[in-house]
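Working notes, structure below.
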2 protein chains.
Amino acid sequence: MKDSNDLKKAGLKATLPRLKILGILENAKTRHMTAEDVYKSMLASGEEAGLATVYRVLTQFEAAGLVIRHNFEGGRAVFEMNQGHHHDHMVCVECNKVFEFNDPAIEDRQRRVAEKAGFVMEEHSLHIYGMCDGMKKHGKCSKK
Amino acid sequence: MKDSNDLKKAGLKATLPRLKILGILENAKTRHMTAEDVYKSMLASGEEAGLATVYRVLTQFEAAGLVIRHNFEGGRAVFEMNQGHHHDHMVCVECNKVFEFNDPAIEDRQRRVAEKAGFVMEEHSLHIYGMCDGMKKHGKCSKK
DNA sequence: ATGTATGCAAAACATTTGCACCTGG
DNA sequence: CCAGGTGCAAATGTTTTGCATACAT
């Protein structure tokens, strides 16, 4: 659970908007939110806020390693708290729900592939798009 | 090697801009091009062309399965001819060069992961970002 | 002919930036 | 107090769309 100390460690003043955004990302039911999602959540909780600030703060948090930005298909970026352990994502094309997973075998093979190509891997992302379980079973997902 | 027949099969008239774009994508030295790349290439070969048309045609080609669109990091989409066989990508963050690879073990694990989660996979993308061999060896890549 | 495509300009988005005002330490 | 942060509005960059004209069949 991050707090104002983590912000200071990152060289960022513990301002109200930043603390608020941190809280939203930590307590969100959906761990993966767009900048707009965060912005709306701030407004909803009666907070003065500008969308530009949300973007600025999220970008700073990303640089500080506090959050991770993902570019899934569909144009808008989504952000999630960085929990320290790498994982990949499955995204439901029906309800947009995001599922996390980690497969050591895949991670290992990726390392090998990069190495064999003389490639210095900095980061990697694996996205699986499809239809989630809820959609299959009930004809629709939570969101749709 | 696709031609006007493939366009007709896709329900698209064999117009000059479409044939030209098809040719550019097939013969490009760099298999992965942005819409702007294609547009500039058309102008360079003395073709009347609008960027909007390039986007429209590429989108139609994608829908027809003729080309594949990728959303790498960095905002702009890149397109490549669909050669029929799925592959993943390594992108050099220095020179933007794109390398293709295919690892059966990874493909297999992905299928398993999705299956175990009750997920009906429609597509998947694996992107490795890092520094390519040329960059490591010569201090710079072709493009930079 | 005639339904489609095209080019241009304007619109639509997501995201970033300039700037005057505000605020945390 | 004062550097850094914020909100707002305007700018940016990419992709999409409306519309009158041009083209393939």
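Return the residue satisfying two criteria in turn: it lies in segment B:49-58 and is more than 19 Å from A:G74 (Cβ to Cβ) and touching a residue at least 24 places away in the same chain (Cβ under 8 Å), and of such residues it is farthest from DNA strand D (Cβ to nearest atom).
We begin by selecting, within segment B:49-58, every residue more than 19 Å from A:G74 (Cβ to Cβ); these are B:49-54, B:56-57.
Subsequent filtering for residues that are touching a residue at least 24 places away in the same chain (Cβ under 8 Å) retains B:49, B:53-54, B:57.
Values: B:A49: 12, B:T53: 8, B:V54: 8, B:V57: 10 Å.
That would be B:A49.
Taking residues in segment B:27-44 that are at negative phi and surrounded by fewer than 16 Cβ atoms within 10 Å (Cβ to Cβ), and partners anywhere that are assigned to a loop (DSSP other than H, G, I, E, B) and basic (K, R), the pairs with Cβ atoms closer than 9 Å and at least 6 places apart or on different chains are B:T30/B:K97; B:E36/B:R76.
Does B:K29 satisfy the criteria of being more than 9 Å from DNA strand D (Cβ to nearest atom), modelled with pLDDT under 95 and within 26 Å of B:E123 (Cα to Cα)? The answer is no for B:K29. Considering every residue within segment B:40-48, establish whether at least one is of a type in the set (D, E) and in a loop (DSSP other than H, G, I, E, B). Within segment B:40-48, one or more residues are of a type in the set (D, E) and in a loop (DSSP other than H, G, I, E, B). Applying the condition of being surrounded by fewer than 18 Cβ atoms within 10 Å (Cβ to Cβ) and under 26 Å from B:L126 (Cβ atoms) to segment A:132-142 and asking which residue is modelled with the lowest pLDDT yields A:K136. The residue list A:A52, A:A44, A:A28 contains one member that is within 13 Å of DNA strand C (Cβ to nearest atom) and among the hydrophobic types (A, V, I, L, M, F, W, C), which is A:A52.
Taken together, the residues in segment B:61-99 that are within 14 Å of the chain's Cα centre (by Cα), free of Cβ contacts under 8 Å to residues at least 60 places away in the same chain and outside any loop (DSSP other than H, G, I, E, B) amount to 15.
Do we have B:V91 as among the β-branched types (V, I, T), over 19 Å from A:N102 (Cα atoms), buried (at least 18 other Cβ atoms within 10 Å of the Cβ) and at the interface with chain A (Cβ under 10 Å from one of its Cβ atoms) here? So B:V91 fits the description; yes.
When A:T59, A:T53 are screened for being under 28 Å from B:N96 (Cα atoms), hydroxyl-bearing (S, T, Y) and either within 9 Å of another protein chain (Cβ to nearest Cβ) or out of contact with any Lys or Arg (no Cβ under 7 Å at 6 or more places or on another chain) (or both), only A:T59 passes. Within the bounds of segment A:106-118, is there any residue that is within 22 Å of the chain's Cα centre (by Cα), buried (at least 18 other Cβ atoms within 10 Å of the Cβ), facing chain B (nearest Cβ under 7 Å) and small (G, A, S)? No: zero hits. For segment A:59-78, residues that are within 20 Å of B:F72 (Cα to Cα) and within 12 Å of DNA strand D (Cβ to nearest atom) total 7.
The values are calculated or read from the model by the stated rules, or taken from the named source; none is laboratory data. Bear in mind the structure is a predicted one, so any value in this text is a computation, not a measurement. Every residue, glycine among them, receives a Cβ derived from its backbone with ideal geometry; neighbour counts consider all protein chains shown.
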